[in-house]
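S.K.: This is the structure I have questions about; it appears just below.
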Amino acid sequence: MSTDRPRETDAEDPAENQPFEQRPRRLRTLLIVAAVLLGLDLLTKTIVVATMTPGKPIYLIGDWARLTLTRNPGAAFSMATGMTWLLTLVAAAVVIGVIRIGRTLRSLPWAIGLGMVLGGALGNLVDRLFRAPGPLQGHVVDFVAIGWWPVFNVADSSIVCGAILLVALTVFGFEPDGSRMNREHASSAEGEAA
């Protein structure tokens, strides 16, 4: 009987065995995710501004879930309300940083997470640049209210969900280059460093 046939346990996924430098770059994926979320954020804000009146909420589930139009000059929890220009510069820095990281990115989950952060940052940056009272001072349109949580928008939730994904990827050892940090490898590397 011939034993030339490889065993099933020896079969390998060719994508997983590619050297990291040969894996596809994921900037395109990152930009597509960001563009979709930016478009969704701009669309929902346009609809809300055109159809809702500030101070007149639409109740979805009692008082717990509602739509209410607010304009936020600050960050989450209404922090830094007098520093809108600084928040604008921070959002611009985040956009530049994510795009720079994205140029060498090879991990699909990292591309999705960073795309979510980028789309959200761009959504709120557009408000800061183009909404009243003026450039670098624009107030962000928020409209989703859940329980006691501050009113937020699609961009805010995109940033938070993207950040949670990136933290989870880091905790579980998934690297932006597509590799996975092995816990045994990490502990042996720490032992060698000591």
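The values are calculated or read from the model by the stated rules, or taken from the named source; none is laboratory data. Since we're looking at a predicted model, the values are computed, not measured. Using ideal geometry, Cβ is built from the backbone for each residue, glycine included, and neighbour counts are taken over all protein chains shown. Remember, those area values only see protein heavy atoms, side chains included, never the ligands or the DNA or RNA. Shrake-Rupley method; radii C 1.70, N 1.55, O 1.52, S 1.80 Å.
S.K.: Please specify each residue of segment 82-98 satisfying the condition of being open to solvent by 70 Å² or more (accessible area, probe 1.4 Å) and modelled with pLDDT of 90 or more.
M.R.: Ile96
S.K.: For segment 128-145, which positions are at negative phi and at pLDDT below 95?
M.R.: Correct list: Arg128, Leu129, Phe130, Arg131, Ala132, Pro133, Pro135, Gln137, Gly138, His139, Val140.
S.K.: OK, next. Kindly check whether there is at least one residue in segment 135-158 that is under 23 Å from Phe172 (Cα atoms) and in contact (Cβ under 8 Å) with a residue 40 or more places away in the chain.
M.R.: Yes, some residue in segment 135-158 is under 23 Å from Phe172 (Cα atoms) and in contact (Cβ under 8 Å) with a residue 40 or more places away in the chain.
S.K.: Regarding segment 155-173, can at least one residue be identified that is modelled with pLDDT of 95 or more, in contact with a Ser or Thr (Cβ under 8 Å, 6 or more places away or on another chain) and farther than 25 Å from Pro24 by Cα?
M.R.: no
S.K.: Quick one: Pro150 ticks every box in (1) surrounded by fewer than 22 Cβ atoms within 10 Å (Cβ to Cβ); (2) closer than 30 Å to Arg23 by Cα except a single one, so which number is it?
M.R.: (2)
S.K.: Would you be able to say whether some residue in segment 114-125 is surrounded by 19 or more Cβ atoms within 10 Å (Cβ to Cβ), modelled with pLDDT under 95 and touching a Lys or Arg at 6+ places or on another chain (Cβ under 9 Å)?
M.R.: No, segment 114-125 contains no residue that is surrounded by 19 or more Cβ atoms within 10 Å (Cβ to Cβ), modelled with pLDDT under 95 and touching a Lys or Arg at 6+ places or on another chain (Cβ under 9 Å).
S.K.: Say whether the condition of being open to solvent by less than 60 Å² (accessible area, probe 1.4 Å) and closer than 20 Å to Leu42 by Cα is met by at least one residue in segment 103-113.
M.R.: Scanning segment 103-113, I find at least one residue that is open to solvent by less than 60 Å² (accessible area, probe 1.4 Å) and closer than 20 Å to Leu42 by Cα, so the answer is yes.
Matching residues to (1) modelled with pLDDT of 95 or more; (2) hydroxyl-bearing (Ser, Thr, Tyr); (3) closer than 24 Å to Val160 by Cα; (4) surrounded by 15 or more Cβ atoms within 10 Å (Cβ to Cβ):
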position: Gln22; (1), (2), (3), (4): no, no, no, no
position: Leu42; (1), (2), (3), (4): yes, no, yes, yes
position: Met52; (1), (2), (3), (4): yes, no, no, yes
position: Leu69; (1), (2), (3), (4): yes, no, yes, yes
position: Ala80; (1), (2), (3), (4): no, no, yes, no
